[in-house]
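What follows is calculated from the coordinates using simple rules that are stated; it is not laboratory data. All values reported here derive from a predicted model rather than from experimental measurement. In this analysis, Cβ positions are derived from the backbone assuming ideal geometry, glycine residues included, and neighbour counts consider all displayed protein chains.
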Amino acid sequence: MSRVSLSDTADNQRLKIQQNTFKRWINDKLSSVQKSVNSLENDFSDGLLLISLVEVLSGKKFNKYVTSPKMRIHKLENVTTVLTFLQKEEKIKLVNIDSAAIVDSKLPLILGLIWTLILHYSFQTVVWSGEKTKPTKSDSPNNRLMIWINERSKVKITNFTTDWNSGIALGALVDAISPGLLTEWTMWVKTDALKNATKALTIAEKELNIVQLIKAVELTNPNVDEMSVVTYLSQFPKVKLKVTASSSSTSVVSSTTTRYVTGRGVQAKGLRVGDFGVLTVHINASPGKELKTHLIVGGGKQEDTTVRQINPTTYEVTYEIKVAGKYILTIIYGNEHVFGSPFNIEVGPKTSSDVAIFGPGLETGVAGCTSAFVIENFGKKTEIRYTVCGPVECWIGVYQEHDGTAMTSFEPVAPGEYTIHFTTLDSEHLPNSPFVVNVRPKPEHFEPKQATVSGPGFRNNVFLGEELEYLIDTKAAGMGSVKVVVYDYKQKPIDVSVTDNKNGTTIAKFKCSKKEKHIAIVTFGDVVIPSFPFEIYVHDPNQVTISGPAISGESKVGQVAEFTVDATKTDRGDFSMVVIDDKKREVSYDIKRLQPRSFKVSFTPKSAGIYLTYIYFADNKMPNSPLKILVA
C-alpha cells in the first residue's frame, strides 16, 4: 500500500528539533540583554543580533560596527567584524563560513556557526573534575561529556540520540548529580518515555537550574539529533553537587483544625470578573450555632452570598464576582471566625487569554494515582508556570504535546486538598486558575491502570457524524464507576450515551458533529485510565472529491488510467490507496502532487476487467470506496 504522507520526514524532524534547540540556547544567552531571535535563518543577516550574542558569550564589547545597516555592504561589514573577532581574538576555527553566507540567510551554514559557538562557549568553562578516565588531546567535547556522564550515572550511554529517547538516562543523570532528587527513575519503563522525560526535564530545571533547551516531545523523538542533546546536556557538568531536593509545598489546613474552608472562592489570587466564587466550609456542628458570611467589596460595599447546607458538617458558599478589586470575605460560625477568616481576595479583570485548562484531574483525584488534564493552546502564545500547594510536593508533567494540545498530569501521593496555580511569566493567572483538587485515599484493590478501552470507534481519526463506540473493561480494576466525557473544540462536553453492562464492562456511544478536534476522557473511580485524555480528529469525507477520465469513462489496456484526488478543502489527514485488478492482484501506480492537498493517481492496466480502487482518508475508508474502474 502506497501512502501520501503530509507529515514531516525524519530529516525535517531532525532539522526542526535542532533549530528549536539552537534558538532556545541563543535566547537564553540574549535574555540578559533583553533581546531574542525569532528566525535563525534571517535574524542574523544584518549582523546586529550576532554582535549582541557574541558580546554576551565572550564578555567583550564591539566598539565599531554599523548600528543601522541598510545596505548589503554594511551588513557584510558587521558580520565580517564578528567572524574576524571569533577567529583572531577567541581563537575559534571557522570552516566554510563566510560573511556572505550569514547575510544571504544560508541556514545550513548559520546552523554550523551556532554549533561552533555552542561547542566553544558551552564547554569552555567546564571543569572536568573527578574523571577516572584520563582524557586525550584528541577527545572531542562530545567524548569528554560522554565519559563524564558514564562515570557518574548508573545508566551507561553510547550515543547522544536514541539512548536518551526513553527519558530514563536523563532521570538517572539528574539523580546522580543530586542524589535523592529523582530516585523513582529506577522504576520507570520505556513505554512512559514522554512522562519520564517531562519529569526529568522539569526537575532538572527547577532544582538544578538546567534550562530546558530541549523539550520532552523532542528528546523522545527517535529522530532527535546529536547536537540538540549535547547542547542541553552540556549544562550538567557546571552544576554543583546537591544533596537533597527542596520542597515548597505547604499544607493549607492542619489536621487539628475543626472549622476550616476549602475551595477556589477563598484563594488570594486567580478569581476574575464573571467568575463565581465557590467554597466549602467544614465545621464540627454545635446545637444553636449558625454560619454567617459577610462579603465586602472595594471601599465598603457589601455583596450578597448564597449559603447552602450540604450536610450537618458542611456548607457551600457562593458569590458572584461583578467588579475587579479587593474583596474581604468573613465567615463566622457561632461567634468565632473559621480558620483563616477574614479572607483577603484580589479579583482581576476578565481575561482575554485563549489558553484553556480542563479535565477531571483538576476536580478530584485519588492518592497514588495519576490525575490527568488538558492544556489547549499550550506554548503557542503564552509561556505557562505552575505551582502546586498541598499536603506533599507534586510535579506537573507534560507527557504528550501535539499541535498546541498538552496532555498533562500530576500524581498526588497523599490525600488532601491541592491547589494548582497556572500563571503567565508575569504572574497573571490563566482562566479558572487556581484549581482546587480534592484527593481522597486510595481504596483497597483499586487499580484504574488495569482498565482498558477497545472497539472500532476507539481511534484518533474519525468521520463527521460517525457513531463511535468504546468498550470499557474494568473487570481487573476493582470497584468504581465509569465516566466518559468528550469535549468539543470549545472545551464543551457533547452528548455521550453510557451503558453499564453489569459484568465489568461499559459501552459508551457518541457522535462528533463538528469538523474540529475533540478530546475524550474516560475515568474509573474519578481517575483517568490509560490512553486518556485521547485526541479525536474529525474529518469530513464530503470535502474530498475524486474525478478524472478513469472514474467517469472507460480505460484501455496498455494505456495510462488517471484520476485526481482533491482534498484542498481539508486541513489534515493523509491518504493511502490500493488498486486491485480483476484477478485480485495489487496493481502498482504513480502519484503526482498537484498542490499541497491534491494529487493525480495514474496506472497502466495490463488486462481488461473491473479494477477496484480502495481509497483511505485519515486512516478511514472513503464512503464511496472501492471505486470501480472499467478497463477494456
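Once you have the Cα-Cα distance between Tyr489 and Lys289, take 0.36 nm times their residue separation minus that, and quote the gain in nm to one decimal.
67.2 nm
In this structure, Phe276 and Asn344 have a Cβ-Cβ separation that, at R0 = 22 Å, corresponds to a calculated FRET efficiency of about 0.75.
Each of Ser588 and Thr387 was given a label point 7 Å from its Cα along the Cα-to-Cβ line. The distance between the two points is 6.5 nm.
In debye to the nearest 20, how big a dipole does the chain give about its Cα centre with +1 on each Lys and Arg Cβ and -1 on each Asp and Glu Cβ?
The dipole magnitude comes to about 1060 debye.
Taking amide H atoms as placed 1.01 Å from N in the peptide plane, list the residues 5 or more away in sequence, or in a different chain, whose amide H sits under 5 Å from that of Lys442. Amide H neighbours of Lys442: Ala367. In summary, the convex hull built on the alpha carbon positions of the stretch 541-631 has an orientation-averaged projected area of 5.3 nm². Rounded to whole numbers, the Karplus 3J(HN,Hα) couplings from phi for the stretch 343-353 are 9, 9, 10, 9, 9, x, x, 4, 8, 10, 5 Hz, using 6.51 cos²θ - 1.76 cosθ + 1.60 with θ = phi - 60°, and x at Gly and Pro. Here the chain carries DSSP beta bridges of which approximately 95% are antiparallel, counting only pairs with both residues inside. When you restrict to C-alpha pairs under 8 Å that are six or more residues apart and normalise by the size of the stretch 141-238, the relative contact order lands at 29 percent. The lysines whose alpha-carbon is closer than 29 Å to the alpha-carbon of Lys60, local same-chain residues fewer than 8 away aside, are Lys23, Lys29, Lys35, Lys70, Lys75, Lys88, Lys91, Lys93, Lys106, Lys137, Lys238, Lys240. Of all lysines in the structure, those lying under 23 Å Cα to Cα from Lys556, and not within fewer than 8 positions of it along the same chain, are Lys583, Lys584, Lys592, Lys600, Lys606, Lys628.
Set the Förster radius R0 to 45 Å, insert the Cβ-Cβ distance between Ile610 and Met187 as r into 1/(1 + (r/R0)^6), and round the FRET efficiency to 0.05. E(calc), rounded to 0.05, equals 0.20. Taking other C-beta atoms within 10 angstrom as a stand-in for reagent exposure, His74, His402, His518 fall in the order His402, His74, His518, fewest first. Please work out how much length the chain gains when fully extended from Ser552 to Ser481, using 0.36 nm per residue of separation minus the C-alpha to C-alpha distance, in nm with one decimal. Additional length available on full extension: 20.1 nm. Taking a virtual spin label 7 Å from the Cα of Glu444 along the C-beta vector, which residues in the stretch 462-481 bring their backbone nitrogen under 14 Å of it? Of the residues in the stretch 462-481, 479 have backbone N under 14 Å from the label point off Glu444.
What the phi angles of the stretch 404-414 give under the Karplus curve with 6.51, -1.76 and 1.60, with θ = phi - 60°, is a coupling list of x, 10, 10, 7, 10, 7, 9, 10, x, 8, 9 Hz, glycine and proline written as x.
Using the number of other C-beta atoms within 10 angstrom as an exposure proxy, rank Met479, Met622 with the fewest first.
On the way: Met479 11, Met622 20.
Result, fewest neighbours first: Met479, Met622.
Shown for the chain are no DSSP H helices, since none reaches 18 Å along its axis, judged by Cα atoms, with a mean Kyte-Doolittle hydropathy of at least 1.6. Neighbours of Gly504 by Cβ distance under 14 Å: Lys/Arg scored +1, Asp/Glu scored -1, total -1. Extension gain for Leu464 to Thr116 (0.36 nm times residue separation, less C-alpha to C-alpha distance): 120.2 nm.
For the chain, the relative contact order comes to 9 percent (Cα pairs under 8 Å, sequence separation of at least 6).
Given R₀ = 60 Å, FRET efficiency for Gln595-Gln309 by Cβ-Cβ distance, to 0.05?
Efficiency, from the Cβ-Cβ distance: 0.40.
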